[in-house]
Amino acid sequence: MSTVTTANTKMANRLKPKDSLLKYIWKNRFMYSMMLLPLLYYIIFEYIPIYGISIAFQDYIPGSPFIGNKWIGFKNFELIFSSRPFMEALRNTLLISFYKIIFGFPFPIIIALLLNEIRAVKFKKVVQTAIYFPHFISWVIVGAIILSMFSVNDGLFNMIIKSTGMQSVNIMGNPKYFRALLVLSSMWKEAGMNSIIYLAAIAGVDVQVYEAAIIDGASRWQQMKYVTLPGIASTVVIIFILQLGSILSAGLEQTLVLLNPMVAGVGENIDTYVYKVGLKQGDYSFSTAVGLFKSAVGYVLIMGTNRLSKKVRGESIF
Amino acid sequence: MEKKLSFFNAFNYALLFLFGLTALYPFIYILTISLMPVADYLKGGIVLFPRNISFEAYLHIFRNGNIFLSYKSTLIIAIAGTFTNLALTILCAYVLSKTKLKGYKIFMNMIIFTMYFKGGLIPSYMLMRGLGFIDSYMAVILTGAISTYYMLVLRSFFLNIPESLEEAAIIDGASAPYVLFKIILPISMPAIATIALFYAVGQWNSYFTPMIYLNSRKMWPLQVILREILFESTESMRTAGEAELQSSAIGPQLKMATVIVTIVPIAMVYPFLQKYFVKGVLIGAVKA
């Protein structure tokens, strides 16, 4: 008994601010020194770049540091909104994200509902193993797959089309198909993995509700409609809201792999545009301003959507 | 009623089988191409599964030897990167699980803010250049060294460990690092292993970060080399003596063989570790 009390007081001494600050820090020196490296990481690699955003308001000369350049106020932002390529990238970003939500959002839910109806455990496991796998490969590899499937000359798809006597279709280089390619390839890669969370939500629905429904004579279709769907509704709403929050990210690595000059007009998004103008063309101030626009709007969106999802389930994300 | 049900069942099984096939078949097709003898390939025609097998493309890749250089790069980045990720994430998560520690709120707010607001690509690039990390693995390893999301997941795992476990050690006069390494870490192994897996896969697959920070070809990891082989035009490759990839008859097989060589490690561990990945998604989902 007495040892427990000592332990409690020791814990209390360690964690409760009672002494002077210095003494307190000395007492917890190990704790603080363990925080040192993580803290340095956040300060150097997260906060210094945030400070570096200031070059968006400067006439930055390449090669010089963040400080000591001429301040030009919001001139870069005036330039952004009168820049046709930027407006195009913004429009593409919004459209692609919109399509990804419209088509890509319901698909994992459907997969989860279908998987839930499968009684053969082995079959279910095999299907799950297969459909989760694409999540774990890089976009470069997905690009290779798309190439092997849709290349004009020797892609499988076009070889099949040609063998039926029709003209081959340039899926990767035609503005008409490119956005669909982005949406479908990200569905192919992520839908399986995204279904996990809905499967877990379905598993969390009370079995007794199903039992009651069965006693009332509900068919499996009715069980799904009146028990499963309402049971996972809040999960669905929260994931939907969270996706809305990242609508300005249309996929950097994906687009960078698949983008080519023929489809740049419909495929270029804000992230690839910042990369192109900033790192490839060296216009640091302008591209940082574009990046800041994205960060700022993104911040407002995420804060707004977080608040919304908090309302939905009565608690915040963290 | 019963009949309709079985119709739905058959349809459901068929549909999910189709989904599974769609997810996996492209890999089989790529394997097929990579194993196809040159003569067969030149003949054209649709080949869906490997029939005549030739390891020509693989022998070519290994004899050429460049692949080993990229493999080495990928391994350096994956191992050093994952180790850095884990060390920093564990330290940060452990300290932040002590909610009564003075300064806790400041640390927490400061860190969470960076989840929502970032400096962005150009300022980060300028920082790395200022630090002299361009063309150094340091830039690749330190970019995103702590994923705040995984850190918070691990932190919530630490928060669920009963305090009495630590108290017992503190009575014996154990220091905070001792408690972390000898008591907390051993019982957190499942959570840490899961997070390590996610980090490692991320490092293995990343190409944007190494692409912008590493200029010298010999440092390029597999993903960056692969992207160039598959998508860039021949100019830079001619100088590197890899034009054969584009022009020679064995080109397509070489490309696909390189793809296979790149995904083999992931494909080998994936079936065994799948349950950890799933668990990882779910631990995260409870929080998010």
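What follows draws every value from the coordinates through simple rules; no lab data is involved. This structure is a prediction, so every number in the text was calculated from the model and none was measured. Reconstructed Cβ throughout: ideal geometry from the backbone, glycine too, with neighbour counts over all protein chains shown.
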Review point. Nearest 10 degrees, 0 to 90: what angle lies between the long axis of helix B:251-287 and the longest principal axis of chain B (Cα atoms)?
Key: 30 degrees
Check your understanding: More than 21 Å apart: what percent of Cα pairs in segment A:203-318 qualify?
Key -> 60 percent
Revision key, fill the gap. Shape descriptors of segment B:24-68 over alpha-carbon atoms, Rg and Dmax in angstrom, are 11.5, 33
Exercise for review: Could you tell me whether segment A:95-211 comes out rounded, prolate or oblate from its Cα gyration tensor? Rule is a ≥ b ≥ c as square roots of the eigenvalues, rounded for a/c under 1.5, then prolate if a/b exceeds b/c, otherwise oblate.
Suggested key: prolate
Revision key, fill the gap. Projected onto the charge dipole of chain A (unit charges on the beta-carbon of Lys, Arg, Asp and Glu, signs +1, +1, -1, -1), the Cα from A:V290, A:G245, A:A203 with the largest positive-side position is that of A:A203
Check your understanding: What is the magnitude of the charge dipole of the protein assembly as shown about its Cα centre, with +1 placed on the Cβ of each Lys and Arg, -1 on the Cβ of each Asp and Glu, and no other charges, expressed in debye to the nearest 20?
Key -> 1080 debye
**Study point:** Whole-number D in µm²/s for chain B (Stokes-Einstein; Kirkwood sum over Cα pairs; 20 °C, 1.002 mPa s)
**Key:** 94 µm²/s
Practice item. Excluding A:I109 itself, calculate the net charge of residues whose Cβ lies under 14 Å from the Cβ of A:I109, where each Lys or Arg counts +1 and each Asp or Glu counts -1. Key: -1
Study note, to complete from the structure: Residue by residue through segment A:300-305, the couplings from Karplus 6.51 cos²θ - 1.76 cosθ + 1.60 with θ = phi - 60°, in Hz, x for Gly and Pro, are 4, 4, 5, 4, x, 5
Check your understanding: Which value, in Å to one decimal place, does the Kirkwood hydrodynamic radius take for segment A:199-260 when every pair of different Cα atoms is included?
Key -> 14.3 Å
Check your understanding: Relative to the Cα centre, what is the charge dipole magnitude of chain A, using +1 at the beta carbon of each Lys and Arg, -1 at the beta carbon of each Asp and Glu, and rounding to the nearest 20 debye?
Key -> 780 debye
Check your understanding: On average, how many beta carbons from a partner chain sit within 10 Å of the beta carbon of a residue in B:91-103?
Key -> 5
Check your understanding: Taking the alpha-carbon set of segment B:98-213, what are its Rg and Dmax in Å?
Key -> 17.8, 51
**Study point:** Most to least packed among A:205-212, B:163-170 [average Cβ atoms within 10 Å]
**Key:** B:163-170, A:205-212
Check your understanding: Taking the Cα centre of the protein assembly as shown as the origin and placing charges on Cβ (Lys, Arg +1; Asp, Glu -1), which of A:Q167, A:L115, A:V227 is farthest toward the positive end of the dipole?
Key -> A:V227
Exercise for review: Give, to the nearest whole percent, the P(r) tail of segment B:2-43 beyond 14 angstrom, counting all Cα pairs.
Suggested key: 65 percent
Point to revise | Per-residue ³J(HN,Hα) for segment A:268-282, Karplus 6.51 cos²θ - 1.76 cosθ + 1.60, θ = phi - 60°, Hz, x for Gly and Pro | key: 4, 10, 4, 5, 5, 5, 4, 4, 5, 6, x, 7, 8, 9, x
Check your understanding: Debye sum, Cα scatterers, the protein assembly as shown, no solvent: what log₁₀ I/I(0) at q = 0.06, 0.08, 0.10, 0.11 1/Å?
Key -> -0.37, -0.67, -1.04, -1.23
Check your understanding: What are the ³J(HN,Hα) values, in whole Hz, obtained from phi via the Karplus relation 6.51 cos²θ - 1.76 cosθ + 1.60 with θ = phi - 60°, for each residue of segment B:66-79 in sequence order, with x given for Gly and Pro?
Key -> 4, 4, 5, 4, 5, 4, 4, 4, 4, 5, 4, 5, 5, 6
**Study point:** Ratio of the Cα radius of gyration of segment A:17-71 to 2.2 N^0.38 Å, where N counts its residues
**Key:** 1.80
Review point. Expressed as a whole number of Å, what is the distance separating the alpha-carbon centroids of segment B:117-192 and segment A:180-214?
Key: 31 Å
Practice item. Can you work out the PRE-style zone for B:I46? Point 7 Å along Cα to Cβ, and I want the residues of segment A:159-183 with backbone N under 19 Å. Key: A:159-172
Exercise for review: Please give the contour-minus-distance gain from A:V152 to A:S249: 0.36 nm per residue of separation, less the Cα-Cα distance, rounded to one decimal in nm.
Suggested key: 32.0 nm
Point to revise | Amide H contacts of A:Q58 (H built 1.01 Å from N, under 5 Å, at least 5 apart or other chain) | key: A:I72
Check your understanding: Size of chain A along its principal axes in angstrom, Cα-based, largest extent first?
Key -> 85, 71, 32
Review point. Once the dipole of segment A:17-71 is set up with Lys and Arg at +1 and Asp and Glu at -1 on Cβ about the Cα centre, which of A:F30, A:P49, A:N69 lies farthest towards its positive end?
Key: A:F30
Exercise for review: Only Lys, Arg, Asp and Glu count, each charged at its Cβ (+1, +1, -1, -1), so figure out the dipole size of segment A:17-71 about its Cα centre, rounded to 20 debye.
Suggested key: 380 debye
